[in-house]
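See below for the structure under consideration.
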Amino acid sequence: MSSTGDAVAASVGTGIPENRSEHLLGPHGVHIRGEAGHARRSRPPEKTALAAIQSRIVAKQYEQALAALDVILKDDPRNTDALYMSAVCRRYRREFDAALALLAGLKALAPENGRAHQEEGHAYRDMGRPIRALVAYEQACRFNPALVASWREQLNVLARLGRRHEAAQVKAQLDHLEQLPRPLVMVVDLMSQGKLLKAEDLCRKFLRKVPHHVEAMRLLADIGMRFGVLADAEFLLESAHEFEPNNVRVHMDYVKALRKRQKFAKALEQARQLLDRSPGNPQFQSIYAIECMQTGNYEEALRLFDSVLEKIPGDPITLTSKGHALKTDGQYDQAVASYRAALESQQRHGEAWYSLSNLKVYSFSDSELERMHAQLKRDDLSHADRVHLSFALGKAYEDRNEFETSFGFYQQGNRAKKAASTYDADKMTGELRAQQRVCNAGMLSRGLTAGYPAADPIFVLGLPRAGSTLLEQILSSHSKVDGTLELPNVLSLSQQLRRRGRRGPEPDYPDILEALSDQELRNFGQQFIDDTRIHRAGAPFFVDKMPNNFRHIGLIHLMLPNAKIIDARRHPMACGFSGYKQLFAEGQQFTYGLADLGQYYRDYVELMDHWDAVLPGKVLRVQYEEVVSGLETQVRRILDHCGLEFEPECLNFYRTDRAVRTPSSEQVRQPIFKSGLDYWRNYEPWLDPLKDALGEDVRRRYGV
């Protein structure tokens, strides 16, 4: 049994952000929120009280500690510090049911709180339930790999159960952690809590003392990728890989960084080198298969996935990945079969259930519905599996026209995602209004002479689920246009500029735009053209359909003044609800709350109005509903804006054979349909928070 002091170590923190860019976090990466869901600062008296309570727990004065904690929880039932410390006290008093109930409440508020899962493991361990303890410890280490106690306890349980292969894997992780310098263990812990700025500062300080420490370089690169500073992350990992070519962790992260930068050919080459080291290694085979998918070699990817499945029959993760490859390649029936095979192997594998629903045109049977409900009742279901199943059930009941039940599951999934999110709607509003403040007509006029003159890019932007995939499919059906992906280049550049301002004498982004020289802007434009060339197939124009680029039209205009820009817009209620019921792979955190969605849409419209005012005629607005009702008119309008002659193939976009990697992949392979325009009205009774947050101007403009 771990000591009382260990159990509550580092349990009391300030919850105060490192600076204005850091979200408010409690001591364990827990989001401390009030009734309205907004983060709050811990009060100094409360912090003092918790520190005193911690001392009592260390002194084994559990009764006095609990009495003081009960006072705090009566005033603030969502106080995550008090919930955690109460659970520790209850466990030491062997009041296990009470401890587990407290931890369940804490995990509902912060599903990815590693120490909450660790404490749950301790409770099950002390109850003599090693299997349940093992599951909790595994979750704890997944969310916070710096928790040495959880790795040790896993090792103890696995050794007693005779599971030698798994024990060896855990032992390797534990050895790696125990060999790390103490500052780097703290970096891992801070990263797991979401305190990335603190983690970065500590990691940089360590590297100043030990400049070529490969693990420190890897961790700093990981932080960079989380911030979206992909170029820096790639450079760090490339350097670390040169220092230690046989370091598998570094090599795998290097492949990941290259993939995130969408340098797919280079990522494939590095994945090939990894596989050549151990051709029979199923993990390396899977990595190489994923890179084959990115380069469009689905035949080789599928062959490799099958090779992995020969070694690990029924592996649900591999079967799900295989399903993704089949789906992207347009092999619908085979994709369904692969997802179903994953579920036959592991019923609780939520990603496979969600992947079936995300095909959009798949309907669940009664027996599948029963199986999903059965899995949701499991109290050992992981947070991620619970989220996936909730969204899948939302879609299943939607297809049955049981809209109230459907909304309940969508709401359940979104609440779980929001609980693990650091998204701040007001902070986003501030960021978008900063674009309006800085990017005035006078400043943007520089782009006419300063930027790189290439006219190749066509930016299709807006909000997700607004029809951008449809517009890309229409454009890429033209003989002179290549369809690509949601390219990260503009977002990555904006992050680089933001960090330049934070770490040097220059102003923060977007204010830094005024300080950039003409040469810098030309270089940025040319770099964008050079870096995106890998995605093109030789056509003179190409589409970048990253929706979030609407935030950075000023930057785009300054560096690429001749680029074409199209705003894909959809009715706010239809767009908002469509985003709410979509579980995005990453990003788009504003979609996990209806009020956040409404505020984001309102801010988006306000910013687009600004771009129209300062860059008249620059952006073509294409309303999804008008595309549906008058396809040819809108297609001609789009092509004219892009300087392209009309081609009939653009009207038959659904016949264009190309890989589509967005949630709309199956829908854009069908002729356009009108039935979904007002579909959101089926859910209207529950959408008031979205409607209210849109504001009067947007409601009036769209007749909401």
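The values are calculated or read from the model by the stated rules, or taken from the named source; none is laboratory data. Fair warning: this is a prediction, and the values are worked out from it, not measured in the lab. Counting neighbours? That spans all protein chains shown, and the Cβs are built from the backbone with ideal geometry, glycine included. When the accessible area is computed, the model is the full protein with side chains, heavy atoms only, and any ligands, DNA or RNA have been set aside. Shrake-Rupley method; radii C 1.70, N 1.55, O 1.52, S 1.80 Å.
Mind checking the full-extension length gain between Phe584 and Arg94? Use 0.36 nm per residue of separation minus the Cα-Cα distance, one decimal, nm.
172.3 nm
When the distances between all Cα atoms of the stretch 338-385 are binned every 10 Å from zero, what whole-number percent does each bin get?
That works out to 26, 62, 13, 0, in percent per bin.
Per DSSP H run of at least 4 residues, take -39500 (n - 2.57); add these up for the chain, divide by its residues and hand me the 222 nm value, nearest 500 deg cm²/dmol.
Numbers: 36 runs with 433 residues, N = 704.
Calculated from helices alone, the mean residue ellipticity at 222 nm is -19000 deg cm²/dmol.
Explain nothing, just the number: dipole magnitude of the stretch 340-454 about its Cα centre with +1 on each Lys and Arg Cβ and -1 on each Asp and Glu Cβ, in debye rounded to the nearest 20.
Computed charge dipole of the stretch 340-454: roughly 560 debye.
Roughly how big is the chain's charge dipole about its Cα centre, with Cβ charges of +1 (Lys, Arg) and -1 (Asp, Glu), in debye to the nearest 20?
Here the size comes out at about 1300 debye.
So what's the angle, to the nearest 10 degrees on a 0 to 90 scale, between helix 403-419 and the longest Cα principal axis of the chain?
The answer is roughly 70 degrees.
Percent of accessible area on the chain owned by carbon and sulfur, 1.4 Å probe?
Details: 14330 of 29140 Å².
Solvent-exposed carbon and sulfur of the chain make up 49 percent of the total.
Taking only Cα atoms of the stretch 35-145, what ratio of Rg to Rh do you get with Rh as the Kirkwood inverse-distance radius?
We get a ratio of 0.97 for the stretch 35-145.
Among Ala416, Val214, Ala98, whose Cα projects farthest towards the positive end of the dipole of the chain, with charges put on the beta-carbon of Lys, Arg (+1) and Asp, Glu (-1)?
Farthest towards the positive end: Ala98.
Considering only DSSP beta bridges where both residues belong to the chain, give the percentage that are antiparallel (nearest 5).
Bridges in the chain are about 5 percent antiparallel.
State, to one decimal in nm², a quarter of the convex hull surface area for the C-alpha atoms of the chain, i.e. the direction-averaged projected area.
Reported value for the Cα convex hull: 30.6 nm².
Just how far, in whole angstrom, is the stretch 100-130 from the stretch 365-381 if you go by their alpha carbon centroids?
23 Å
Using only Cα atoms, locate the centre of the stretch 309-358 and the centre of the stretch 235-281, then give the distance between them in Å, rounded to an integer.
Using only Cα atoms to place each centre, the spacing works out to 26 Å.
Say the dipole of the stretch 460-500 comes from +1 at the beta carbon of Lys and Arg and -1 at that of Asp and Glu; which of Gln496, Val481, Leu461 then lies farthest toward its positive end?
Value: Gln496.
For the stretch 152-291, just list the percent of Cα-Cα distances falling in each 5 Å bin from zero outward, please.
2, 10, 16, 18, 19, 16, 13, 5, 1, 0
Rounded to the nearest 10 Å², what accessible area does Ser55 show when all protein chains are kept and the probe is 1.4 Å?
70 Å²
Roughly how many debye, to the nearest 20, is the charge dipole of the stretch 338-396 about its Cα centre, given +1 on each Lys and Arg Cβ, -1 on each Asp and Glu Cβ, and no other charges?
Values: 8 positive and 8 negative charges, 30 e Å.
Once rounded to the nearest 20, the dipole reads 140 debye.
Write out the GluC sites (Glu not before Pro) in the stretch 551-638 meeting two conditions: DSSP loop, and at most 14 other Cβ atoms within 10 Å of their Cβ.
On the way: sites: Glu586, Glu606, Glu625, Glu626, Glu632; in loops: Glu586.
Passing sites in the stretch 551-638 are Glu586.
Quick one: accessible surface of Thr633, probe radius 1.4 Å, all protein chains present, in square angstrom to the nearest 10.
Near enough 90 Å² of accessible area.
Kindly express, to the nearest 10 degrees and within the range 0 to 90, the angle between helix 264-277's C-alpha long axis and the longest C-alpha principal axis of the chain.
Result, in degrees: 40.
Tell me, how many Å apart are the Cα centres for the stretch 56-75 and for the stretch 444-477?
About 59 Å separates the Cα centre of the stretch 56-75 from the one of the stretch 444-477.
What do you get for the angle between helix 62-75 and the principal long axis of the chain? Use alpha-carbon atoms, 0 to 90 degrees, nearest ten.
Roughly 30 degrees between the two axes.
With the dipole of the chain worked out from charges on the C-beta (+1 for Lys and Arg, -1 for Asp and Glu) around the Cα centre, which of His383, Thr328, Leu687 lies farthest toward the positive end?
His383
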